[in-house]
Amino acid sequence: MTDSQKLDLILNQVTEFKSDMLEVKANISELKLDVEELKTDVAVLKEDMAELKTEVTVLKEDVAELKTDVAVLKEDVTGLKSDVAVLKEDVTELKTDVAVLKEEVTELKTDVAVLKEDVAELKTDVTVLKEEVAELKSDMMEVKADIIVLKEEVLKTQANVAEMKTELQVTKAKVIEISLTQENEIRTNIRRVAEGHLDLSRNLREAMKPNNEVEMLSVKVSILESEVRDIKAKIS
């Protein structure tokens, strides 16, 4: 091999070495970039790991709380089971009570039906009583009118009796005067006076009749008033 050939070979090798070096540098640059990316990723991973540790710690605390809550829930479930057993017994008793109440309600419905019939009868009776009271009221009005008329007649009769008394007094005075007259005239006058006295007596008896009738009417009015009070009490 000649020297020129050797030089060419060396140049070729140097050129290849340079190209290899360039590739190595490029690879190293790429590796640096990759390493930087890896560092960034590792930093992010560290942060994520810190966050995960924090979250795991929180989760542990939550799990501990959950365990406590589960224990409390178990106790509550046990209590609820006992309460449910008591409720079942209460429901059984309530069913029995409801059955009894149904029977009582049925009886009450029957009683209410009977009461409705009684009320209907009472309404009919009250209607009849109202009609009778209306008749009694009209009768009372008539009786009051009759009493007013009787009072007027009694007043007239009393006035007539007063006049008769005056006439009797005058007659007595005349009899005293006549006692001084002759015997025949006295007898005649006595006979006349006696007849007049009989007439006066009859008039007095007739004048006293309205008083008796007034007393009878007063008794009847009192009876009617008591009956009206009884009817009002029954209606109320």
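Taken together, the values in this text are just the output of simple stated rules run on the coordinates, not laboratory data. These figures come from a predicted structure and were not determined experimentally. Because the Cβ atoms are built from the backbone with ideal geometry, glycine has one as well, and the counts that use them run over all protein chains shown.
The table below gives the values:
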| read-out | value |
| --- | --- |
| Rg(Cα)/(2.2 N^0.38 Å) for the range 84-146, N = residue count | 2.46 |
| From phi via Karplus (6.51, -1.76, 1.60), per-residue ³J(HN,Hα) for the range 73-88 in Hz, x at Gly/Pro | 4, 4, 4, 4, 4, 4, x, 4, 4, 5, 5, 5, 4, 4, 5, 4 |
| 17 Å tail of the calculated P(r), the range 29-70, as % of Cα pairs | 54 percent |
| Val24-Leu38 pseudo-label distance in nm [points 7 Å out on the Cα-to-Cβ vector] | 1.9 nm |
| For the range 22-31, Karplus couplings with θ = phi - 60° (6.51, -1.76, 1.60), whole Hz, Gly/Pro x | 4, 5, 5, 4, 4, 5, 5, 4, 5, 5 |
| Phi-based couplings in Hz for the range 99-109 (Karplus 6.51, -1.76, 1.60; Gly and Pro marked x) | 4, 5, 4, 4, 4, 5, 5, 4, 4, 5, 4 |
